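Just below is one structure, and these are the notes that go with it.
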């Protein structure tokens, strides 16, 4: 299904070794300015702060949408298209795109909340379709408050494809 | 608002994301993916221009729900599937239609209609109407 030696095949082999590996990270405290900027970026009016504690509530998919919480990797660690990939150098030119998501919202995310992420790559599946071969990877992210309360979770699917024009070579 | 009082369909949310909006979304989410800000790169990948982030499109779909149902609406679940890319400066229309519900909880079908009439994103959501405190 995946041509041997193709960038996608190389990526698939790397990704398989990550399946089931759990990563946990303390993402720090969500601040009000970040939430405000997210509102502006998605075209929503700024929310009023809660009268009881002056906190600001984030839009529902705020946590799920953040790509990097810390400084993020240096440019030389990114693939050609800017995406963070394992073994990026081996798969430069690979194309990535969000394919969908299932989100469950348990508790609103408020400014001042410490957030801990638990992330696991669940599946990596090669497919073949009209637009050529692809790899679908599904990752489960759980966002918890510092005291362990589950805030929300999302199961995200990303599709990877060979560099544009690769199949025509 | 109980399920019997809810509208069967919500007013569509119409947006036409600009390069500036995409840049700001990339910045606030710290997303360096070039398809969202580098036209030449995005075109080299076979797209018609820079692409709207799937998470931004999800945020538009959620806005359609929350703005249509009001501030007492609490989203419990939302799932979506991206059917095809959305390109900057193209008109996108987000629509929500009631599937069913009981008491204060309802299920909605949500989709993104692109300027050629095709569907770009489709999904569903579960919403609970909170009581005014």
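The values are calculated or read from the model by the stated rules, or taken from the named source; none is laboratory data. These figures come from a predicted structure and were not determined experimentally. Glycine also receives a Cβ, built like all others from the backbone with ideal geometry; neighbour counts cover every protein chain displayed.
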Residue list for the range A:10-28, restricted to those being surrounded by 12 or more Cβ atoms within 10 Å (Cβ to Cβ) and either part of a loop (DSSP other than H, G, I, E, B) or modelled with pLDDT of 95 or more (or both): A:17, A:18, A:19
The range A:55-85: number of residues that are more than 7 Å from chain B (Cβ to nearest Cβ), surrounded by 22 or more Cβ atoms within 10 Å (Cβ to Cβ) and not in a loop (DSSP other than H, G, I, E, B): 2
Residues of the range A:29-50 satisfying the condition of being more than 11 Å from chain B (Cβ to nearest Cβ), loosely packed, with under 15 Cβ neighbours inside 10 Å and part of a loop (DSSP other than H, G, I, E, B): A:31, A:46, A:49, A:50
So residue A:98, is it assigned to a strand (DSSP E or B) and touching a strand residue (DSSP E or B) at 6+ places or on another chain (Cβ under 9 Å): yes
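Residue by residue, here is whether (1) at the interface with another protein chain (Cβ under 8 Å from one of its Cβ atoms); (2) out of contact with any helix residue (DSSP H, G or I) (no Cβ under 6 Å at 6 or more places or on another chain) holds:
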{"residue": "B:12", "(1), (2)": "no, yes"}
{"residue": "B:19", "(1), (2)": "no, yes"}
{"residue": "B:30", "(1), (2)": "yes, yes"}
{"residue": "B:36", "(1), (2)": "no, no"}
{"residue": "B:43", "(1), (2)": "no, yes"}
{"residue": "B:55", "(1), (2)": "yes, no"}
{"residue": "B:61", "(1), (2)": "no, yes"}
{"residue": "B:68", "(1), (2)": "no, yes"}
{"residue": "B:72", "(1), (2)": "no, yes"}
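Just to confirm my filter: which strands (runs of 3 or more DSSP E) fall fully inside the range B:1-111 and include at least 2 residues that are farther than 28 Å from residue A:71 by Cα and more than 18 Å from the chain's Cα centre (by Cα)?
Details: elements: B:13-15, B:73-82, B:92-102.
Output list reads B:92-102.
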Criterion (closer than 30 Å to residue B:102 by Cβ, surrounded by 18 or more Cβ atoms within 10 Å (Cβ to Cβ), in contact with a strand residue (DSSP E or B) (Cβ under 7 Å, 6 or more places away or on another chain) and modelled with pLDDT of 95 or more) met by exactly one of B:51, B:10: B:10
Test for residue A:107: is it touching a strand residue (DSSP E or B) at 6+ places or on another chain (Cβ under 6 Å) and not in a strand (DSSP E or B): yes
Residue match in the range B:73-86 (condition: within 30 Å of residue B:35 (Cα to Cα), free of Cβ contacts under 8 Å to residues at least 40 places away in the same chain and surrounded by fewer than 18 Cβ atoms within 10 Å (Cβ to Cβ)): yes
